[in-house]
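No lab work stands behind these numbers, since they all come straight from the coordinates. The structure presented is a predicted model; accordingly, all values stated were derived computationally and were not measured. Cβ atoms come from the backbone with ideal geometry, glycine included; neighbour counts cover every protein chain shown.
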Amino acid sequence: MSELVRIALFQDKWAGDKEAMIASAVSAARRAADQGAQVMCFQELFYGPYFCQVQDPTYYSYTEPVPGGPTTQLMCDLARELHMVLVVPVYEEEQPGIYYNTAFVVDADGTYLGKYRKHHIPQVAGFWEKYYFRPGNLGYPVFDTAVGKIGVYICYDRHFPEGWRALGLNGARIVFNPSATSRSLSQYLWQLEQPAAAVANQYFIAAINRVGVEPLGDDDFYGTSYLVDPRGQMVGDIASDTDPDLIVRDADLAFIEEVRQTWAFYRDRRPDAYGDLVAP
């Protein structure tokens with residue numbers, strides 16, 4: 001029996017200020033709701049530029065508490081109005097000087113469910129993230145929402161298979177991967193890694209990337225957001241590589257059971273044989 005969930009993904013260009021980015025996201029959520037979307041995710045650090053292209057304390061001003069900040073409250077109100085689960089990536093302040101790259105999850109009735117903090121923090125040219133973020137410390141939570149169990153993995157995390165697997169073992173059926181990734185560095189991997197992770201862990205992955213050239217860098221973010229199924233196949237077309245785009249796709253969660261009964265990866269795992277992988 002089908003278990004269809006309609007998923008919306010929104011990729012956007014930097015509009016010049018935080019308020020304009022939030023307004024754009026809210027407008028996209030309303031359009032998605034008009035198309036019947038039940039769950040939606042925005043891009044990494046959705047209301048700001050990707051400021052990690054430079055190291056400048058000015059951008060600490062983009063932090064907010066989660067929960068308790070204005071964006072959390074706005075998105076709780078929006079989710080309640082639209083009856084839509086929302087996955088919202090922001091720049092979180094835990095306390096002065098302690099900041100995280102975070103995505104929070106709001107249920108379709110407007111209830112704040114919790115947050116995921118990005119675990120793996122890069123520090124290479126154009127991605128100076130250790131200047132801005134502490135590594136995540138909340139594990140790999142799975143949120144029980146109106147559309148089922150969902151997880152979040154953020155951008156650079158996607159290069160590390162352990163978190164994908166932890167989310168699967170914790171029961172995720174859809175994992176959202178909001179990102180800010182540029183064309184010259186990782187476009188080839190973008191088309192490869194999430195489909196491979198979907199196959200290895202046998203769930204749906206929704207990959208969202210921002211788009212356009214931003215004032216702080218000269219390389220462009222290439223969009224091409226997509227939904228991939230547990231066999232590694234794209235669900236519908238991939239989003240634009242140059243323009244803001246809203247895509248709405250249907251995921252049949254019943255397909256997960258069919259795939260897991262065909263490819264019994266969870267049954268055949270050998271955690272007793274993997275001890276060396278986590279040895280100090």
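In the set (1) over 23 Å from Gly217 (Cβ atoms); (2) assigned to a strand (DSSP E or B); (3) without any contact (Cβ under 8 Å) to a residue 60 or more places away in the chain; (4) among the hydrophobic types (A, V, I, L, M, F, W, C), the condition left unmet by Cys76 is number (2). Counting residues in segment 106-120 that are without any contact (Cβ under 8 Å) to a residue 24 or more places away in the chain and either surrounded by fewer than 20 Cβ atoms within 10 Å (Cβ to Cβ) or not in a strand (DSSP E or B) (or both) gives zero.
Residues being closer than 23 Å to Ile150 by Cα and surrounded by fewer than 20 Cβ atoms within 10 Å (Cβ to Cβ) are entirely absent from segment 45-61. If the condition is being part of a helix (DSSP H, G or I) and basic (Lys, Arg), then segment 156-196 contributes Arg158, Arg165, Arg183. Test Val213 against the stated conditions and say whether it is among the hydrophobic types (A, V, I, L, M, F, W, C), without any contact (Cβ under 8 Å) to a residue 12 or more places away in the chain, closer than 30 Å to Trp128 by Cα and out of contact with any Gly (no Cβ under 8 Å at 6 or more places or on another chain). Judged against the criteria, Val213 is a match. Residues in segment 1-49 that are aromatic (Phe, Trp, Tyr) and out of contact with any Phe, Trp or Tyr (no Cβ under 7 Å at 6 or more places or on another chain): Trp14, Phe46, Tyr47. For segment 184-191, does any single residue satisfy the condition of being surrounded by 20 or more Cβ atoms within 10 Å (Cβ to Cβ) and in contact with a helix residue (DSSP H, G or I) (Cβ under 6 Å, 6 or more places away or on another chain)? Checking segment 184-191: not a single residue is surrounded by 20 or more Cβ atoms within 10 Å (Cβ to Cβ) and in contact with a helix residue (DSSP H, G or I) (Cβ under 6 Å, 6 or more places away or on another chain).
Kindly indicate whether Arg6 is closer than 22 Å to Asp144 by Cβ, outside any loop (DSSP other than H, G, I, E, B) and out of contact with any strand residue (DSSP E or B) (no Cβ under 8 Å at 6 or more places or on another chain). No. When the residues of segment 62-79 are filtered to those that are surrounded by fewer than 20 Cβ atoms within 10 Å (Cβ to Cβ) and among the small types (Gly, Ala, Ser), the one that is farthest from Ala125 (Cα to Cα) is Gly68. If you check Leu167 against the conditions, is it farther than 19 Å from Asp245 by Cβ, crowded, with 23+ Cβ neighbours inside 10 Å and either of a type in the set (A, V, I, L, M, F, W, C) or within 13 Å of the chain's Cα centre (by Cα) (or both)? For Leu167, the condition - farther than 19 Å from Asp245 by Cβ, crowded, with 23+ Cβ neighbours inside 10 Å and either of a type in the set (A, V, I, L, M, F, W, C) or within 13 Å of the chain's Cα centre (by Cα) (or both) - is met.
Note on segment 197-280: enclosed strands (runs of 3 or more DSSP E) holding 2 or more residues that are over 16 Å from the mean Cα position of the chain (by Cα), of a type in the set (Asp, Glu) and surrounded by fewer than 19 Cβ atoms within 10 Å (Cβ to Cβ) are 245-252.
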